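The values are calculated or read from the model by the stated rules, or taken from the named source; none is laboratory data. The shown structure was predicted, so the numbers you read here are calculated from the model rather than taken from an experiment. With ideal geometry, Cβ positions are generated from the backbone for all residues, glycine too; neighbour counts draw on all protein chains shown. In case anyone asks, the SASA skips ligands and DNA or RNA and just uses the protein heavy atoms, side chains included. Shrake-Rupley method; radii C 1.70, N 1.55, O 1.52, S 1.80 Å.
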Amino acid sequence: MASASYDARRGELTTYFDRTAVEAWSRLTSDAPVSRIRATVRAGRDAMRATLLSWLPADMTGLRLLDAGCGTGALSVEAARRGAEVVAIDVSPTLIGLAQERLPAIPGAGRIDFRVGDMLDPGLGRFDHVVAMDSLIHYRAADIARALAVLAARTDGSVLFTVAPRTALLTVMHAAGKFFPRGDRSPAIVPVTERGLRRRISSEEALDGFAWAQSHRINSGFYLSNAVALTRTQRASQPHPHPEVPERSGGLEGGLQPAARSLEGSFEVAAQHLRMRGMDGMEGSVR
């Protein structure tokens, strides 16, 4: 069961992605020309999507995948092209509408079922793999761990997700954003530490059968996100065979990034960057 704070934040995200920043996200997730800042975000999310897809089987025929927080469906399309049966869900009806409009022809056995709703809905059924790309970065570590536990309880293979790593610059930028008028802000991302997240995950009984297999950080200008793979090590109640996920280095283990020359200078730069994003209705996080 989701917490009250999870439900409250989900409501904020629905409002933001479905009303406030529709045009911004429509352009960002297309091939339309964008600003230099948004180009770094687009490149970052493309790299992150490629990373998560590389952790999934090359042949997903007969496998069921949940794209949790699918946005406009780019990852869902690639998984379906590998033969997966994809349930692609998002809180925003507008983003789901865009995903359906852009859906290309998919040859073979793969298919996509787009839905509007909560990614934690147990009615979605069981899955071989779950991917939550940048859909948990707006939540506290406790809510992230609880959401992962809910997802893992009905996942037979792996749960792949991303978080916002707590770095010096990101922390300053997060604080600077609070000085802008509320109408100019999207729901803030919540940076987390690896140690804190691991501790939260270890306290969730539903995650006892999963191992922290690998992590990888993508840092592309205004896009900073960390991918983590949790893979099942104990048999689920309805197991399906799945390939092992290879080990990779990097990711949250990097710790805090070096701070800028002075906190004051970092704050001014971050504030300027946030103001530029706030004026056109988007944050550094992507979907």
Restricting to the range 133-150, name every residue that is more than 14 Å from the chain's Cα centre (by Cα) and more than 10 Å from ARG200 (Cα to Cα).
ALA149, VAL150
Do we find a residue being touching a Gly at 6+ places or on another chain (Cβ under 7 Å) and either over 23 Å from ALA47 (Cα atoms) or among the aromatic types (Phe, Trp, Tyr) (or both) anywhere in the range 68-84?
no
Look at GLY44 and say whether it is in a helix (DSSP H, G or I), touching a Ser or Thr at 6+ places or on another chain (Cβ under 6 Å) and not aliphatic (A, V, I, L, M).
yes
If we scan the range 194-217, do we find a residue that is more than 22 Å from ALA43 (Cα to Cα), buried (at least 18 other Cβ atoms within 10 Å of the Cβ) and at pLDDT below 95?
yes
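Condition check ((1) touching a Cys at 6+ places or on another chain (Cβ under 6 Å); (2) open to solvent by 10 Å² or more (accessible area, probe 1.4 Å); (3) part of a loop (DSSP other than H, G, I, E, B); (4) at pLDDT 95 or above) across all residues:
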| site | (1), (2), (3), (4) |
| --- | --- |
| ALA50 | no, yes, no, yes |
| ALA58 | no, yes, yes, yes |
| LEU65 | no, no, no, yes |
| GLY71 | no, no, yes, no |
| VAL77 | no, yes, no, yes |
| ALA80 | no, no, no, yes |
| VAL87 | no, no, no, yes |
